[in-house]
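Okay, so here's the structure we're looking at.
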Amino acid sequence: MLPQIMEFNLAADPSKFADIARAFGFGVCGPSEIDAGKKAIDAVKSLLKEVKIPERLREIGVSKKELQEIAIDAAEDKILLEMNPRKASVEEIIEILERSF
């Protein structure tokens with residue numbers, strides 16, 4: 001789910017994602033911070049594959065019918081939402097979960 005969450009948050013704080021790109025060794029002076037952020041997201045995807053972390057919620061036993069309940073629980077988690085750089089509605093959380101499914 002991390003790459004999908006990063007994709008959702010990229011526009012809210014591109015400089016943070018450019019910092020992540022720098023940490024992965026990508027130069028950020030040429031491309032825009034958004035482009036650098038996309039490289040960071042791709043690097044995270046590669047890292048997750050390399051260390052064999054499941055890429056999809058279904059791989060860890062989550063069923064599609066659980067996504068609504070998970071989204072509602074996440075939307076009610078004030079600490080989680082306060083830490084996120086972009087506010088997310090239940091519908092947006094469901095979209096992220098579906099892309100992660």
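Tabulated values for the structure
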{"item": "Inter-label distance for L47 and R22, nm, one decimal - labels placed 7 Å from Cα along Cα-to-Cβ", "result": "1.6"}
{"item": "Packing rank of 54-66, 38-50, where each peptide gets the mean count of other beta carbons within 10 Å, highest leading", "result": "38-50, 54-66"}
{"item": "Size of electric dipole in the chain: Cβ of Lys, Arg +1 and of Asp, Glu -1, about Cα centre, debye, nearest 20", "result": "380"}
{"item": "Value of relative contact order over segment 18-68, rounded to a whole percent, pairs C-alpha under 8 Å and six or more apart", "result": "24"}
{"item": "Hits among aspartates and glutamates - C-alpha to C-alpha of K45 under 13 Å, sequence gap 8 or more where chains match", "result": "E7, E55"}
{"item": "Cross-link partners of K39 among lysines (Cα-Cα below 16 Å; sequence separation of 8 or more within a chain)", "result": "K16, K49"}
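Where a number appears in this text, it was derived from the coordinates with a stated rule and is not lab data. As the structure is a prediction and not an experimental result, all values here were calculated from the model. When we count neighbours, we look across all protein chains shown, and the Cβ atoms used for this are built from the backbone with ideal geometry, even at glycine.
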